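Asker: Got a structure for you, questions after.
No lab work stands behind these numbers, since they all come straight from the coordinates. For clarity, every value in this text was computed on a predicted model and none was experimentally measured. Reconstructed Cβ throughout: ideal geometry from the backbone, glycine too, with neighbour counts over all protein chains shown.
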Amino acid sequence: MNFSFLTDHWQMFAHGAWVTLKLSFFGVILGTLLGIFLALLRLSGVWVAKAVSSAYVEIIRGTPLFVQILLIYYGLTEFGINMSAFMAGVVALTVNSSAYMAEVFRGGIEAIDKGQTEAARSLGMPRGMTMYHIVLPQAFRNMLPAIGNEFIIIIKDSSLVSTVGIAELLYNARTIQGSLFLTFEPLLVVSACYFIMTFTLSKLLGALERKLRTR
Amino acid sequence: MIKVRELRKSYGKHEVLKGIDCTIHQGEVVVVIGPSGSGKSTFLRCLNRLEEPSSGEIMFEGRPVVEKQSELNSIRQKMGMVFQHFNLFPHMNVMENLTLAPRKLKKLSRASSEELAIGLLKAVGLEDKKHAYPNSLSGGQKQRIAIARSLAMEPDVILFDEPTSALDPEMVGEVLDVMKGLARRGMTMVIVTHEMGFAREVGDRLLFMDGGKIVEEGKPRDIFEKPGHPRTKEFLSKVL
């Protein structure tokens, strides 16, 4: 095995990793927010909102992320929507992860004892305030492992957006592969990069979980 | 203070409340007893609309307790509730449990809400627990905190839904003592309970419910000594 290409090309990996992190960061944040919103729609008790939310979740979960990326980047140009590749990547990751997040949040919210809501409402707290101060903080604690799982999936799945020409980790590795005729080593380096990111995240979330549980 | 007229509640085909009429006056302690499934808790939970009545009218301080959320929230601020399973907020310590609602709903400052909370904790004898989390408290302590939490909104009436039913026997007394103290200070209370001794000692008026109706009502002493209705007699002979 020959890793000598790293001396000249390490910046490409570093830059790719940075793009991957940016993609994942926006995907995670926006996907989580949209996911909470979808979960609240689902639990709203309003017929239309429930229908829209569950249809969204079913359709997005039931189609491949790869296809969604292609649809959003190439497909939407049919309707005059031209996004940069990076933007399309963020949108695709957000749309995709929000569907999974919605289910995580719905399950987490439903698992909180009804008595908690009743106690808050009986004090005169409105619905939104009850959700924000009482239900979500408790649900969040229980959901943390599932949320962490989803974050890790987003980081790994972001490699799929290399297909629309975003110079993230995998894309850059393949560039190096092609120019240096190295089949194996660049992919190993990429794997290591992904692993470092996901493992660090996993440890950080584990620490957060322990911190919340000490109460 | 609370006026209930022709209150009915059904779950599907099953009618749980079959027309309740009753009036609760300022400063009165009304105790509701009856066999399980008689609709006592449902009745209580309809008063602050945690349970949606199927029909009938509930007036609180001259205002209808209606579905409209903003109205309902302001009514609930004046109508405290204490639950069988305490329902303290486990992610907050005792102080936060007590001060959250006054701070958010009445816009009290942190300092004045904490001052209020300390006073209430003293009243229920748990001032030293202000930084404790609910999970570290005994059942009796939890319920006393729950009572203090409801008092923190300075309600005009407190509804008690079987407040001692989930407690170990040795902790029932401490909770009942706090409730007696409230009664002495003139708090209006509606109490669903199985504690007959307490009902007799503290209640100004007793409602006996059976099969979704108020079968008999009157002074606790009178009903305990001379129940008028055969169902009341039968029930009391089983529980006394």
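Asker: I want to check the label-to-label distance for A:A49 and B:S70. Put each point 7 Å from Cα in the C-beta direction and report it in nm to one decimal.
Answerer: Using points 7 Å along Cα→Cβ, the separation is 1.8 nm.
Asker: Rg over Rh of chain A, using C-alpha atoms and the Kirkwood radius, what does it come to? Each step should come with its number before you reach the end.
Answerer: On the way: Rg = 20.4 Å, Rh = 19.2 Å.
Using Cα coordinates only, the ratio equals 1.06.
Asker: Sticking with this one: How high is the FRET efficiency from A:K203 to B:D204, r the C-beta distance, R0 60 Å, rounded to 0.05? If you can, show how the numbers build up before the last one.
Answerer: Details: r = 62 Å, r/R0 = 1.03.
After rounding, the FRET efficiency stands at 0.45.
Asker: I've got another one for you. With the contact rule set at Cα under 8 Å and sequence spacing of 6 or more, what percent relative contact order holds for chain B?
Answerer: Numbers: 427 pairs, mean separation 66.2, N = 240.
Rounded, it is 28 percent for chain B.
Asker: Compare the Cα positions of A:L71, A:A173, A:L136 along the charge dipole of segment A:8-213 (+1 at Cβ of Lys, Arg; -1 at Cβ of Asp, Glu; about the Cα centre) and return the one farthest towards the positive end.
Answerer: Projecting each Cα onto the dipole axis, the largest value belongs to A:L136.
Asker: Now, a different point. Kirkwood hydrodynamic radius, segment B:2-237, all distinct C-alpha pairs: what's the number in Å?
Answerer: Computed over Cα pairs of segment B:2-237, the Kirkwood hydrodynamic radius comes out at 18.4 Å.
Asker: Another one. How high is the relative contact order of chain A? Use alpha-carbon pairs under 8 Å, at least six apart in sequence, and give a whole percent.
Answerer: Numbers: 217 pairs, mean separation 62.5, N = 215.
With pairs under 8 Å counted, the relative contact order is 29 percent.
Asker: How much of the DSSP beta bridge set in chain B is antiparallel, as a percent to the nearest 5? Before the final figure, lay out the partial values.
Answerer: Details: 20 of 37 bridges.
Among the beta bridges of chain B, antiparallel pairing accounts for roughly 55 percent.
Asker: Oh, and also: Considering the options B:P227, B:A101, B:L88, tell which one lies farthest towards the positive end of the dipole of the protein assembly as shown, charges being +1 on Lys and Arg and -1 on Asp and Glu at the Cβ, about the Cα centre.
Answerer: Ranked along the dipole, the leading option is B:P227.
Asker: While we're here: Under a Cβ-only charge scheme (Lys and Arg +1, Asp and Glu -1), can you give me the dipole magnitude of the protein assembly as shown about the Cα centre, in debye to the nearest 20?
Answerer: Working: 52 positive and 44 negative charges, 120 e Å.
With Lys and Arg at +1 and Asp and Glu at -1, about 580 debye.
Asker: Give the span of the protein assembly as shown's Cα atoms along each principal axis, as three whole-Å numbers ordered largest to smallest.
Answerer: So the three principal-axis extents are 101, 49, 41 Å.
Asker: I would also like to ask the following. Where in chain A are the DSSP H helices whose C-alpha atoms run 20 Å or more along the long axis and whose mean Kyte hydropathy is at least 1.0? Intermediate values should be presented prior to the final figure.
Answerer: Working: long enough: A:5-43 (54 Å, 1.25); A:47-61 (21 Å, 0.75); A:85-110 (37 Å, 0.91); A:136-157 (29 Å, 0.53); A:185-213 (42 Å, 0.79).
What comes out of the filter, once short or polar helices are dropped, is A:5-43.
Asker: How big is the Rg/Rh ratio for segment B:128-180, C-alpha atoms only, Rh by Kirkwood, two decimals? Numbers along the way, then the final one.
Answerer: On the way: Rg = 11.3 Å, Rh = 11.8 Å.
Value, to two decimals: 0.96.
Asker: Count, for each residue of B:151-158, the Cβ atoms from other chains sitting within 10 Å of its Cβ, then give me the mean as a whole number. Can you show the working numbers first?
Answerer: Working: counts 0, 1, 4, 0, 3, 0, 0, 0.
Neighbouring Cβ atoms belonging to other protein chains average 1 per residue here.
Asker: Dipole of segment A:8-213, Cα-centred, from +1 at each Lys and Arg C-beta and -1 at each Asp and Glu C-beta, to the nearest 20 debye? Write down the numbers at each step before the final one.
Answerer: Details: 15 positive and 12 negative charges, 136 e Å.
Computed charge dipole of segment A:8-213: roughly 660 debye.
Asker: In debye to the nearest 20, how big a dipole does segment B:2-237 give about its Cα centre with +1 on each Lys and Arg Cβ and -1 on each Asp and Glu Cβ?
Answerer: Values: 35 positive and 32 negative charges, 109 e Å.
Approximately 520 debye in magnitude.
Asker: With runs of 4+ DSSP H residues as the only contributors, calculate the mean residue ellipticity of the protein assembly as shown at 222 nm using -39,500 (n - 2.57) per run, divided by the residue total and rounded to the nearest 500. Don't skip to the end; give the middle numbers.
Answerer: Values: 18 runs with 260 residues, N = 455.
Dividing the helical sum by the residues of the protein assembly as shown leaves -18500 deg cm²/dmol.
Asker: Right, here's the next one. Restricting to lysines 8 or more places apart or on different chains, can you count the pairs in segment A:8-213 with Cα atoms under 28 Å from each other? Kindly include the intermediate steps, with their values, before the conclusion.
Answerer: Working: A:K22/A:K156; A:K22/A:K203; A:K22/A:K211; A:K50/A:K114; A:K114/A:K211; A:K156/A:K203; A:K156/A:K211; A:K203/A:K211.
Total qualifying Lys-Lys pairs in segment A:8-213 comes to 8.
Asker: Using a Förster distance of 60 Å, how high is the FRET efficiency between A:L188 and B:N135, based on the Cβ-Cβ distance and rounded to 0.05?
Answerer: Details: r = 48 Å, r/R0 = 0.79.
Calculated value: 0.80.
Asker: Using the Cα centre of segment B:2-237 as origin and beta-carbon charges of +1 (Lys, Arg) and -1 (Asp, Glu), tell me which of B:Q69, B:G212, B:M189 is placed farthest towards the positive end of the dipole.
Answerer: B:Q69
Asker: What average count of beta carbons from other chains do you get within 10 Å of the Cβ of residues in B:84-90?
Answerer: Details: counts 1, 4, 2, 10, 3, 8, 8.
Neighbouring Cβ atoms belonging to other protein chains average 5 per residue here.
Asker: Also, quick follow-up: Apply 1/(1 + (r/R0)^6) to the Cβ-Cβ distance of B:K122 and B:K233, taking R0 = 35 Å, and write down the FRET efficiency to the nearest 0.05.
Answerer: 0.20
Asker: With a cut-off of at most 10 other beta carbons within 10 Å, and DSSP calling the residue loop, which GluC sites (Glu not before Pro) in segment B:137-214 qualify? Please list them. Don't skip to the answer; put the middle values down first.
Answerer: Working: sites: B:E170, B:E174, B:E195, B:E201; in loops: B:E195.
Sparse-neighbourhood loop GluC sites (Glu not before Pro): none present.
Asker: With each label point set 7 Å from Cα along the Cα-Cβ vector, what nm distance links A:F181 and A:S4?
Answerer: So the two model labels end up 1.4 nm from each other.
Asker: In addition: In nanometres, what is the gap between the two model label sites at B:K219 and B:R185, each 7 Å from Cα along Cα-to-Cβ?
Answerer: 2.8 nm
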